[in-house]
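A.B. asks: My structure is below; once you've seen it, I'll send some questions.
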Amino acid sequence: MPPEILLGVSGGIAAYKSAELLRRFTETGHAVRVIPTASALEFVGAATFEALSGRPVATGVFSDVHEVPHVALGQRADLVVVAPATADLMARLAHGRSDDLLTAALLTARCPVLLAPAMHTEMWEHPATRDNVALLRSRGTIVLEPASGRLTGSDTGRGRLPDPAEIADLARLLLERPDALPRDLAGRHVVVSAGGTREALDPVRFLGNRSSGKQGYALARVAAQRGARVTLVAGHTEDLGDPAAVDVVRAPTAVAMEAAVRSAAEDADAVVMAAAVADFRPVDTATDKIKRGDHEPPALRLTQNPDILAGLVRDPLRDGQVIVGFAAETGDATGDVLHHGRAKLARKGCDLLVVNAVGDGKAFGTPDNAGWLLARDGAEDELPMGSKALLASRIWDAVTPRLT
Ligand code: CTP
């Protein structure tokens, strides 16, 4: 049986994005039942939800009464996602109202509930909404941090619905692990680096690597939804979209990344170096394109890049800062992946090291990941195969008890 998702849609302009989210759920093999509110249907027609889900759509409790849908739908669900969740929907849920099918289903659901709020900044920041969000979170409901950016009109600010791809990722995470998003990083500042650096040879060529940035983005996204202030220092990545509620700083080269990480980390509680930083860069970068000409190919002369991770350990920016490194290893004649991981932990001296096996289509660019988490205090944990968000949640689990 595929996991059963109840997709609630309440009445905000972002309701149109729920159709894309629905599509993502069905394309990844989930059975989805959509429950819009009456005002959501002012924005998107019931026919859209029925066609995309292949299931009937109702807003009130008096359709198909013989099936007792207001009880059955909530009881049957493996996960409830409400996207968008308006201020009104959250107020009704916080106060236990059940005046339509969606709020009734929310009262009967015993599975994880994920709310993706979308509203104007003033509504999000209003004390009534803050109290409702706090109350819902205290009861275990996952209320996502909204994104910042363009709102309904020409204005911008906090309160945008996170991207449907991001909501789908976090929904998958909760299906894999219902307790993956506690608010245990509230009040903390964490810095995460992601992606690969590119070291220029000339204006059009560079030395680079295969890092997609997905693991670092997952770490940033999960930390933000666990309540942290997050700075994501991003090298070159696939087109991933900025995670909601995360400050993104671009750093294309190792030297730029070192400056960006060290500046962001001055007041950070933890730094996670998930980026694939080039160890070497060309001694000279040609100002004009290197031409083929009729001469021998030019020799590449390289110089060492700074080791950002080792520098954070050697010259700590702050007492008690937790430093996490990554080791992408293939294993070789001198030892397997874990052997190289242990040696790297000893060499780098960081608090935690995430060891991934790479090569043969593993880790780089894939949506899933596995590995080991090695700690300086000798603890070793296997990280079983799962989404990169799941791996991220396990890494934050190991970081939080080490925070001072
Ligand atoms: N790293 C870094 N600065 C570098 C190179 C790597 O901060 N110039 C960090 C990476 O972000 C990662 C960790 O160090 O967290 C290990 O990266 P890796 O490339 O595996 O380590 P190296 O020291 O380059 O080891 P190897 O000899 O295996 O290449």
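A.B. asks: What is the set of long-range amide H partners of A278 at a cut-off below 5 Å, with H atoms built 1.01 Å from backbone N?
C.D. replies: Answer set, sorted by chain and number: T197, A254.
A.B. asks: If you put +1 on each Lys and Arg Cβ and -1 on each Asp and Glu Cβ, how big is the dipole of the chain around its Cα centre, in Debye rounded to 20?
C.D. replies: 160 debye
A.B. asks: So what is the calculated 222 nm ellipticity per residue for the chain, using -39500 (n - 2.57) for each DSSP H run with n of 4 or more, over all residues, to the nearest 500 deg cm²/dmol?
C.D. replies: Result for the chain, helices only: -9000 deg cm²/dmol.
A.B. asks: Here is a further query. Which order do peptides 127-135, 347-355 fall in by mean Cβ count within 10 Å, highest first?
C.D. replies: 347-355, 127-135
A.B. asks: Another question about this same structure. What list of ³J(HN,Hα) values in whole Hz, one per residue of region 93-102 in order, does the Karplus curve 6.51 cos²θ - 1.76 cosθ + 1.60 (θ = phi - 60°) give from phi, with Gly and Pro shown as x?
C.D. replies: 5, 4, 9, x, 5, 8, 8, 8, 5, 5
A.B. asks: Relative contact order for region 189-402: what percent, with Cα pairs under 8 Å and sequence separation of 6 or more?
C.D. replies: Dividing the mean separation by the residue count of region 189-402 yields 20 percent.
A.B. asks: A follow-up question, please. Could you tell me what percent of the DSSP beta bridges with both partners in the chain are antiparallel, to the nearest 5?
C.D. replies: Restricted to the chain, the bridges split so that about 35 percent are antiparallel.
A.B. asks: Could I ask something else about it? Using per-residue counts of other Cβ atoms within 10 Å, averaged over each peptide, order 241-248, 379-386 from highest down.
C.D. replies: 241-248, 379-386
A.B. asks: Shifting gears a bit: Compute log10 of I(q)/I(0) for the chain with the Debye formula, placing one identical point scatterer on every Cα and leaving out solvent, at q = 0.15 Å⁻¹, to two decimals.
C.D. replies: Evaluating at q = 0.15 Å⁻¹ gives log10 I(q)/I(0) of -1.29.
A.B. asks: Ok, one more. Between the alpha-carbon centers of region 204-233 and region 143-170, tell me the distance in whole angstrom.
C.D. replies: 18 Å
A.B. asks: Tabulate in residue order the Karplus-calculated ³J(HN,Hα) for region 241-249, using 6.51 cos²θ - 1.76 cosθ + 1.60 with θ = phi - 60°, rounded to whole Hz; enter x for Gly and Pro.
C.D. replies: x, 5, x, 4, 6, 10, 7, 9, 10
A.B. asks: Solvent-accessible area per residue for the chain at a 1.4 Å probe radius, Å²?
C.D. replies: 46 Å²
A.B. asks: How much length is gained on full extension from M123 to D315, taking 0.36 nm per residue of separation minus their Cα-Cα distance?
C.D. replies: 64.7 nm
A.B. asks: Kindly flag which residue pairs out of K214/K344; K17/K388; K344/K388; K17/K214; K214/K291; K214/K289 have an alpha-carbon separation exceeding 29 Å in this structure.
C.D. replies: Those over the limit are K214/K291; K214/K289.
A.B. asks: Defining a contact as two alpha carbons under 8 Å apart and six or more residues distant in sequence, what relative contact order in percent does region 162-256 show?
C.D. replies: Relative contact order comes out at 31 percent.
A.B. asks: Enter the Cα centre distance for the pair region 310-349 and region 175-201, rounded to the nearest angstrom.
C.D. replies: Region 310-349 and region 175-201 have Cα centres separated by 18 Å.
A.B. asks: Then there is this: Could you give the length gained by full extension between A134 and A47, i.e. 0.36 nm per residue of separation minus their alpha carbon distance, to one decimal place?
C.D. replies: Additional length available on full extension: 27.8 nm.
A.B. asks: Would you mind checking which residues have amide H under 5 Å from A245's amide H? H placed 1.01 Å from N; only 5 or more apart, or other chain.
C.D. replies: The list, which skips near neighbours in sequence, is S148.
A.B. asks: May I ask for the angle, rounded to the nearest 10°, between helix 127-138 and the longest principal axis of the chain, with both axes built from Cα atoms and the value confined to 0 to 90°?
C.D. replies: For 127-138 against the chain, the angle is about 80 degrees.
A.B. asks: Another one. Taking the Cα centre of each part, how many Å lie between region 86-117 and region 1-75?
C.D. replies: Measuring centre to centre over Cα atoms gives 14 Å.
A.B. asks: Carbon-plus-sulfur fraction of the accessible area of the chain, 1.4 Å probe, in percent?
C.D. replies: The value for the chain is 51 percent carbon and sulfur by accessible area.
A.B. asks: Relative contact order, percent, of the chain when contacts are C-alpha pairs under 8 Å separated by at least 6 residues?
C.D. replies: With pairs under 8 Å counted, the relative contact order is 11 percent.
A.B. asks: Spelling out what I want: for every residue of region 272-286, take phi, set θ = phi - 60°, compute 6.51 cos²θ - 1.76 cosθ + 1.60 (Karplus), and round to whole Hz; glycine and proline get x.
C.D. replies: 10, 8, 8, 6, 9, 8, 5, 6, 10, 9, x, 4, 10, 10, 5
The values are calculated or read from the model by the stated rules, or taken from the named source; none is laboratory data. Note that the structure is predicted; figures quoted are calculated from it, not measured. Here Cβ is always computed from backbone atoms with ideal geometry, including for glycine, and neighbour counts include all displayed protein chains. With ligands, DNA and RNA removed, areas are computed over all heavy atoms of the protein, side chains included. Shrake-Rupley method; radii C 1.70, N 1.55, O 1.52, S 1.80 Å.
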